1. Just wondering, is there one or more residues in the stretch 45-52 that are in a helix (DSSP H, G or I), open to solvent by 10 Å² or more (accessible area, probe 1.4 Å) and more than 21 Å from Ile218 (Cα to Cα)?
2. Counting just the residues of the stretch 16-54 that are over 19 Å from Thr211 (Cα atoms) and more than 18 Å from the chain's Cα centre (by Cα), which one comes out modelled with the highest pLDDT?
3. Being at pLDDT 80 or above and either basic (Lys, Arg) or open to solvent by 80 Å² or more (accessible area, probe 1.4 Å) (or both) narrows it down to one residue among Leu134, Leu162; which is it?
4. Might you let me know whether the stretch 29-38 holds any residue that is open to solvent by less than 10 Å² (accessible area, probe 1.4 Å), within 20 Å of Thr247 (Cβ to Cβ) and in a helix (DSSP H, G or I)?
5. Are any residues in the stretch 10-25 more than 17 Å from Cys231 (Cα to Cα) and open to solvent by less than 20 Å² (accessible area, probe 1.4 Å), and if so, which ones?
6. Across the stretch 59-90, what is the total count of residues that are over 19 Å from the mean Cα position of the chain (by Cα) and open to solvent by 20 Å² or more (accessible area, probe 1.4 Å)?
7. Within the stretch 206-239, how many residues are of a type in the set (Ser, Thr, Tyr) and more than 23 Å from Ala19 (Cα to Cα)?
8. Kindly indicate whether Lys72 is basic (Lys, Arg) and part of a helix (DSSP H, G or I).
Amino acid sequence: MDKTSNHRALIAHLSMFGACAGWGLMAPVGKDAMTHGFDGITMVTFRVVGACLLFWIASFFAPKEHVPLRDKLMFIGAGLFGLVCNQCCYTIGLSITSPINASIVTTSMPIFAMVLAALILKEPITGKKALGVLMGCSGALILILTSAAHASDKVGDIRGDLLCLFAQFSFALYLSLFNPLIRRYNVFTINKYMFSWATLMLLPFTFSHVTGVLAQPIPTKTWWEVAYVVCIGTFFGYILTMIGQRTLRPTVVSVYNYVQPIVSVAASLLMGIGVLKPTHALAVILVFSGVWLVTKSKSRKDMEKEKVTD
C-alpha cells in the first residue's frame, strides 16, 4: 500500500472515530438539553432544520452536481427513512429513556442491515450471521425487559428503547434501499436534498409545538447543548461518516458503532444522568458479540470470489 493509500485510510479511520465519538457524546448531551427546556419534538426539529441550513450553506462552496428530477424525487424516500423516521424515533426515544440504553440499542443497526441486505440485496445468511443476530437480539431484549421493570429515564423506559430500536431499523432500511443513490453524489448534494425533504415533511407538524416551547425561558446551557447536537452530532457527523464510507469496507465501518456506547456510558456516568446496572453490562456483551459475528461473516462477493478461486 503506497503513502497516498495509507493517508486516505488514516483519514477515513479518524473520520469514522470522530463521527461515532460525536454521536456517543450526543446522547447524554441531548438528553440533558431535553430535561432543561427542550423536548424530543423540538430537538428533532432543530436537528433537521438546522442541519438543512448548514448543508445548503456548505453546498455553495462544494462542487456543483446536476441532479435529475427522478433522483430528486428519490431523495424523498431517503429523507423519510434516513432522517425523519430515524431521527424522530431516536430523539423522541432518547427523551424518555436513558442515554446508555439509547446508545447500546444503536449498535444493533448492523444486525438490521444484515437481515435487510438478505431480503433486498440477496446477501447470504450464514451460520455465523444467524448466531450474531440471535445474540444481538438477546442483548436488546434484556435491555428492553430491564427497562420495563424500571420505568425511569435514568435506568430506561421500554417505550424509548423500542423507538430507538425502530430508528436503527429505519436507517438500515434506508441504506439497503438507497445505496446506489447515495453513491452517485457527494456528501453535500446528498444531505442538502435529504434534509430539505425531511424539513418539508416535519415542519408542518411540529412548527406550532416548537414555537410554544420557545416561548418559555430556556437556559443558556441548553442552547449550547442544542448547538452541539445540530453542528457536531448532525452536520459534521454526517460528513465524517460519508468520508469514512468512501474508503473503508462496510465491516470496518460497522466496528466503529462500538465507540458510541463507550463514549455515551462514560459521559452519562460523569454527568450523573445515567445508572449502570449489571444487566446493561450483559446486554453490551451480547450486542457487541452479535454485531462482531455479523460483521466478520462472509459477504456474497466473498463467496463468489472463493468459487472462482476454487
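1. yes
2. The selected residue is Leu54.
3. Answer to the selection: Leu162.
4. Looking for residues that are open to solvent by less than 10 Å² (accessible area, probe 1.4 Å), within 20 Å of Thr247 (Cβ to Cβ) and in a helix (DSSP H, G or I), one finds none in the stretch 29-38, hence no.
5. Ala12
6. Of the residues in the stretch 59-90, 12 are over 19 Å from the mean Cα position of the chain (by Cα) and open to solvent by 20 Å² or more (accessible area, probe 1.4 Å).
7. 4
8. So Lys72 fits the description; yes.
The values are calculated or read from the model by the stated rules, or taken from the named source; none is laboratory data. Bear in mind that the values here come from a model prediction, so they are computed numbers and not experimental data. Don't worry about glycine lacking a Cβ; one is built from the backbone with ideal geometry, like all the others, and counts go over all protein chains shown. Keep in mind that these areas ignore ligands, DNA and RNA; they rest on the heavy atoms of the full protein, side chains included. Shrake-Rupley method; radii C 1.70, N 1.55, O 1.52, S 1.80 Å.
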